[in-house]
Amino acid sequence: MLRALPRITNRINRGLATPYRMIVMKYYTSTTQFNCGIDLHARQMYVCVLDREGKKLVHTNIKNNDFDYFLKLVAPYRHDLTVCAECMFGWYWLADACAEAGLPFVLAHALYLKAIHGGKNKNDRIDSEKIANLLRANLIPPGYVYPAEKRPLRALLRQRLLYVWNRSELLARIQSHQLAHNRPTHRQNVYNREAWTGQLLASEADPVRQLALQNDLALIGHYDAQLAVLEKDLLKLTKQTAGRDFTLLQTTPGIGDYLGLTILHEIGDIERFPTVKDFLSYCRLVKGTVASAGKIKGLRGAKLGNPYLRWAFGEAAIVAKRDAVLGPLAQRLEARRNNKFKANAVLAIKLARAVYFMLKNKTVCEPDRLVAALSRN
């Protein structure tokens, strides 16, 4: 494996392979006498409490996620207990309840956990015991418990992204219909929406199709109005809570107000990333490798990390190509690699590295360093 790494690294530098890294799984170290594994669901949770020797002390199902009943069950062990649950859509309340009760809570990374444990049979009872055993053996790959006080603002930002993507789907559908009938697609944006609407309706003679267009246009108008209010609130709240970091991000080529909002709130605390490699891995900008007998068999781990950050840095790379200095370098990189998508990925990685060190050192972006880094690829 180690002898194969220089060859692969040289291929990456010449643009013949995809950037990757060896992803080293990190584990949570439990220091308590008792460990609790919870298989969490929307309306029930299966609980298993083990001691250090692996003896089962509690193993039962709790309906309606009754946390008060859970506290009664674990009361004899609560003084030295760690609670662990797998990451799923409904973990927020459990993390907050454990924090309020003074119980250490560990969020297990679902995809990593799936790679560790398996078996012929699978059910809630087995899963809760496996989670408890992995916690006891210090084999839980932890996820990040995003601070409760910051979640509402991040949720508001993700709501904005959902609205923007929904509006884009409506606009794309209208454009596809125009192309299907060989009609010109007029340029439009939020500022000339009224004139564009008039041109669309005037070009459509069929009354039924006009009705369909009016429905789509009405929804687009509602999205425009609601997004204008939402974006104003997001900018105001961000400037109040993280104004300095937000200003630093906006000095980076390709990152404006709303990409800056996404990157800032999805990162959370930059100090949780010990190295820039950890940050790039979390942003889904590098992949892991599959190796055996000293040979690289392929890549993996494309879905490990934050999809919102991957999208944001990808968009920032496309916008940064309009920069007077970065644009020609990006075009040369694209021509050298003969692949627009790989060139965009390299530019996204450079931007992410710049953002990491900017937030870490609280400094503005230095375009000269960014240009020098891009020139080496």
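The values are calculated or read from the model by the stated rules, or taken from the named source; none is laboratory data. Just so you know, these numbers come straight off a predicted model, no measurement behind them. In this analysis, Cβ positions are derived from the backbone assuming ideal geometry, glycine residues included, and neighbour counts consider all displayed protein chains. Calculation scope for accessible area: heavy atoms of the full protein, side chains included, ligands and nucleic acids excluded. Shrake-Rupley method; radii C 1.70, N 1.55, O 1.52, S 1.80 Å.
Remarks
- Candidate set from the stretch 258-271 (those that are assigned to a helix (DSSP H, G or I) and open to solvent by 60 Å² or more (accessible area, probe 1.4 Å)); member that is nearest to residue 325 (Cα to Cα): 258
- Residue ID - farthest from the chain's Cα centre (by Cα), chosen from residues in the stretch 90-112 that are among the aliphatic types (A, V, I, L, M) and part of a strand (DSSP E or B): 106
- When the stretch 293-337 is filtered for residues that are in contact with a Lys or Arg (Cβ under 9 Å, 6 or more places away or on another chain), modelled with pLDDT of 85 or more and part of a loop (DSSP other than H, G, I, E, B), the ones remaining, listed by number, are 305, 306.
- Of the residues making up the stretch 252-276, those that are aliphatic (A, V, I, L, M) and either farther than 20 Å from residue 344 by Cα or modelled with pLDDT under 90 (or both) are 261, 264, 267, 270.
- Of all residues in the stretch 313-329, exactly one satisfies the criterion of being crowded, with 16+ Cβ neighbours inside 10 Å, among the hydrophobic types (A, V, I, L, M, F, W, C) and over 20 Å from residue 356 (Cβ atoms), namely 329.
- Restricting attention to the stretch 201-243, the residues being touching a residue at least 60 places away in the same chain (Cβ under 8 Å) and in contact with a Ser or Thr (Cβ under 7 Å, 6 or more places away or on another chain) number 0.
- Criterion: modelled with pLDDT of 95 or more, open to solvent by less than 10 Å² (accessible area, probe 1.4 Å) and in contact with a Gly (Cβ under 9 Å, 6 or more places away or on another chain) - qualifying residue of 36, 98, 48: 48
- Lone qualifier among 352, 320, 373 - being touching a residue at least 60 places away in the same chain (Cβ under 8 Å) and under 24 Å from residue 274 (Cα atoms): 352
- Any hit, the stretch 277-287, residues being within 30 Å of residue 344 (Cβ to Cβ), in contact (Cβ under 8 Å) with a residue 12 or more places away in the chain, part of a strand (DSSP E or B) and more than 20 Å from the chain's Cα centre (by Cα): no
- Of all residues in the stretch 145-157, those that are within 13 Å of the chain's Cα centre (by Cα) and loosely packed, with under 14 Cβ neighbours inside 10 Å total 1.
- Exactly one residue out of 346, 290 is surrounded by fewer than 16 Cβ atoms within 10 Å (Cβ to Cβ), under 30 Å from residue 145 (Cα atoms) and not acidic (Asp, Glu): that is 290.
- Yes/no for residue 173 being open to solvent by 40 Å² or more (accessible area, probe 1.4 Å), farther than 19 Å from residue 87 by Cβ and not hydroxyl-bearing (Ser, Thr, Tyr): yes
- Taking the stretch 355-370 as the range and being over 21 Å from residue 275 (Cβ atoms) and in contact with a helix residue (DSSP H, G or I) (Cβ under 9 Å, 6 or more places away or on another chain) as the test, the residues that pass are 364, 367.
- Tally, over the stretch 239-254, of residues that are outside any helix (DSSP H, G or I) and under 21 Å from residue 228 (Cβ atoms): 1
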